[in-house]
Every structure is written in structure tokens, then in C-alpha cells.
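Notes for the one structure printed next.
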Amino acid sequence: MKFPNEVTPDASESGAVYGAKVQVVKALSAATETEPRSESLHIEYSTTQVMADALVRLQRTHGVVKLDRSVLSESFKMLRNQVLQRLRADGHKLLAVTSPRRIEGKSLTAVNLALTIAADYDSAVLLVDADLGGGGLQSMFGLDGARGLSDHLMHAAPISELLVNPGLARFVLLPAGQQAVLNSAELLATKLAQQLISEMKHRYADRYIIVDLPPLLDTADALAFLPQVDTTLVVVEEHTTSIQDIERMAELLAPFNLIGTVMSQARQTEKGVRSGTDKARKAPWYRRVISGARSGY
């Protein structure tokens with residue numbers, strides 16, 4: 001069974017192994033027409049901390065997109081376009097990113113998608129690190145120990161004091177918090193967390209929210225938070241994500257909206273293999289798994 005609207009990079013960029021393939025589960029409806037903007041969306045940060053060195057540290061991370069025409073960047077721009085089209089068509093603002101198990105590609109996908117959305121002239125993005133148990137994406141920005149979401153939920157720290165602009169236009173980060181917390185699932189399910197997410201979704205018309213959640217099968221955190229999101233993007237990894245984990249993930253995600261799946265470290269088709277040959281017909285195991293799991297979503 002084939003997914004519509006597949007986006008797959010044509011080749012791997014040297015040294016950048018995080019290609020992306022998005023597979024949209026639902027058919028795309030007609031997008032609502034909006035009045036074109038005469039100039040790019042401009043935001044002045046008066047209370048948000050501006051830490052330009054955070055972007056410099058982020059770009060040292062292997063697999064992070066840059067503002068160029070590389071295969072990696074173009075792949076994530078394609079992913080961004082498909083995601084934004086779906087979000088706008090459905091009237092959604094908040095996208096959660098998760099994976100069955102802990103893999104490096106999950107947070108990289110969330111970061112790269114946020115970076116490319118910020119590059120869109122008519123959009124702004126808020127990236128939320130909701131991995132309150134530690135090991136989240138705030139370390140990629142060099143913000144280990146920074147106050148964040150858990151400090152707001154536990155100690156009523158004002159959100160305005162926690163947001164960080166890493167020196168990139170139309171991009172704001174909410175770190176996870178100063179330290180890992182043991183009751184992260186309970187915190188993410190509180191009424192305070194629900195109120196915060198609701199306020200974030202409705203505060204700015206042009207802003208999209210990407211929440212990097214912990215792996216779905218490793219902790220209870222993702223399931224505690226998913227009722228608050230508009231839709232979810234799942235990241236699976238070649239040679240790492242098992243068939244059993246995808247089947248279990250499909251069962252848990254059945255009650256929720258799913259925008260699609262992304263393959264991290266996507267394997268390229270072999271050159272010289274003609275379509276229709278026995279070798280070409282034998283799809284890689286990950287493609288068979290994802291296609292077979294579609295009905296479970």
C-alpha cells in the first residue's frame with residue numbers, strides 16, 4: 001500500500017545522513033485562501049531573551065539544516081511545505097513530534113522542521129522541549145541547565161522569562177528546564193499545562209508550535225500530553241525501529257490525529273536497478289513496515 005505525497009531526497013549529502021521522507025496519511029484538502037503579505041513577518045523581541053550564540057552552537061550539531069541548497073535542507077523544506085499545507089488546511093497550530101523509542105533523528109527532525117518553518121516569510125515558530133525527564137533538545141542549543149517548561153509547571157516561573165530567541169528571526173525556543181524531573185508525565189497532564197498550551201495556540205495567528213515529546217513507548221509522557229496537540233508527526237529510524245514497536249505505536253496513536261511519518265536516515269535506492277525487476281520489487285523492510293502499519297493509524 002503506497003502513501004500519497006511521499007517526499008524522499010534523491011541522494012544523501014556527504015556527511016549529512018538525516019534525509020527525510022514524509023508520508024501523509026490523510027488526503028490533503030483545499031487550503032484556505034489568505035491575504036498575501038506584502039513583506040515578511042517581522043517580530044521584535046522585547047521580553048524574550050536573545051541568545052545569538054545558541055544558534056551557533058546548534059549549527060555545530062551534525063545533521064542540522066543550514067540556509068543553503070543542500071540535499072538535506074531541500075528535503076526538510078519539502079517536509080515543511082507539506083506539513084504547513086496540512087496544518088493550514090485543517091486549521092491546526094500545534095504539532096507534536098515523537099518516535100517509538102529514543103532515537104537521535106526525532107529531536108533533529110523537530111529542530112530542522114522548526115528552522116525551516118522560521119525560514120518561511122509568513123510564519124513564526126515556537127519550539128517546545130517537552131522531554132522533562134532529561135536528554136531533550138535544549139542541549140543542542142547549549143542551554144543545559146537553563147530554566148524552562150518544568151520550572152513554569154512546578155515553580156510558576158513566568159513564561160516570558162523562559163523563552164529564548166537563538167538569534168534567528170521568527171524562531172523561539174522553550175527549553176525543558178533546569179533539571180530532569182521524575183513526575184514528568186503527571187506535570188504534562190496538569191490543568192496548568194493545558195492552560196499554557198491553549199494560550200500558546202491562540203496568542204499569535206501566524207505562529208506554529210512544534211513540541212518535541214519523549215518517545216511514545218519509553219515513558220508515559222507522550223501519551224499524557226497527546227490529548228492537547230492538534231496532530232502528531234512520528235519519526236522512525238532505519239535499521240533501528242522494529243516492526244513490533246511500530247505496531248504497538250499504531251495502537252496507541254489510534255485515538256489521535258496523525259499527520260504522517262518521517263524516515264530518519266532514509267536509505268537510497270540502488271542505482272542501476274530497473275523498476276519491475278525482482279530486486280526492485282523487494283522493498284526495504286522499513287518501507288514494508290510503514291505501509292503495512294497505515295491501517296493501524
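What to note about this one:
- The stretch 189-248, residues that are closer than 26 Å to Ala119 by Cβ and acidic (Asp, Glu): Glu199, Asp206, Asp212, Asp230, Glu237
- Residue check for Ser99: polar (S, T, N, Q) and either open to solvent by 10 Å² or more (accessible area, probe 1.4 Å) or farther than 14 Å from Val211 by Cβ (or both): no
- Residue in the stretch 199-220 that is open to solvent by less than 60 Å² (accessible area, probe 1.4 Å) and among the small types (Gly, Ala, Ser) present: no
A quick yes/no check of all residues on (1) over 24 Å from Leu196 (Cα atoms); (2) at pLDDT below 90; (3) of a type in the set (Phe, Trp, Tyr); (4) not in a helix (DSSP H, G or I):
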residue	(1), (2), (3), (4)
Leu55	yes, yes, no, no
Asp68	yes, yes, no, yes
Leu72	yes, no, no, no
Leu84	no, no, no, no
His92	no, no, no, yes
Leu108	yes, no, no, no
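- Tallying residues that are open to solvent by less than 20 Å² (accessible area, probe 1.4 Å) and touching a Lys or Arg at 6+ places or on another chain (Cβ under 7 Å) within the stretch 176-192 yields 1.
- Looking only at the stretch 139-159, and only at residues there that are crowded, with 21+ Cβ neighbours inside 10 Å and either free of Cβ contacts under 8 Å to residues at least 12 places away in the same chain or not in a helix (DSSP H, G or I) (or both), the one that is farthest from the chain's Cα centre (by Cα): Ala146
- Boolean, Glu247 is of a type in the set (Asp, Glu), open to solvent by 70 Å² or more (accessible area, probe 1.4 Å) and over 19 Å from Pro100 (Cα atoms): no
- Filter result (of a type in the set (Val, Ile, Thr) and within 17 Å of the chain's Cα centre (by Cα)) within the stretch 213-264: Val229, Thr231, Thr232, Val234, Val235, Val236, Ile259, Thr261, Val262
Residue-wise test of (1) of a type outside the set (D, E, K, R); (2) under 20 Å from Tyr204 (Cβ atoms); (3) touching a helix residue (DSSP H, G or I) at 6+ places or on another chain (Cβ under 6 Å); (4) open to solvent by 10 Å² or more (accessible area, probe 1.4 Å).
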| residue | (1), (2), (3), (4) |
| --- | --- |
| Gly63 | yes, no, yes, no |
| Val71 | yes, no, no, yes |
| Phe76 | yes, no, yes, no |
| Leu87 | yes, yes, no, no |
| Asp90 | no, yes, no, yes |
| Lys93 | no, yes, yes, yes |
| Ile103 | yes, no, no, yes |
| Ser107 | yes, no, yes, yes |
| Leu115 | yes, yes, no, yes |
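- Residue in the stretch 162-169 that is open to solvent by 30 Å² or more (accessible area, probe 1.4 Å) and in contact with a helix residue (DSSP H, G or I) (Cβ under 6 Å, 6 or more places away or on another chain) present: yes
- Scanning the stretch 221-244 for residues that are in contact with a Ser or Thr (Cβ under 9 Å, 6 or more places away or on another chain) and open to solvent by 60 Å² or more (accessible area, probe 1.4 Å) yields a single hit, Thr240.
The values are calculated or read from the model by the stated rules, or taken from the named source; none is laboratory data. Computed from a predicted model, the values in this text were never measured in an experiment. All Cβ positions, even for glycine, are placed from backbone atoms using ideal geometry, and neighbour counts span all protein chains on display. What goes into the accessible areas is simple: the full protein's heavy atoms, side chains included, and nothing from ligands, DNA or RNA. Shrake-Rupley method; radii C 1.70, N 1.55, O 1.52, S 1.80 Å.
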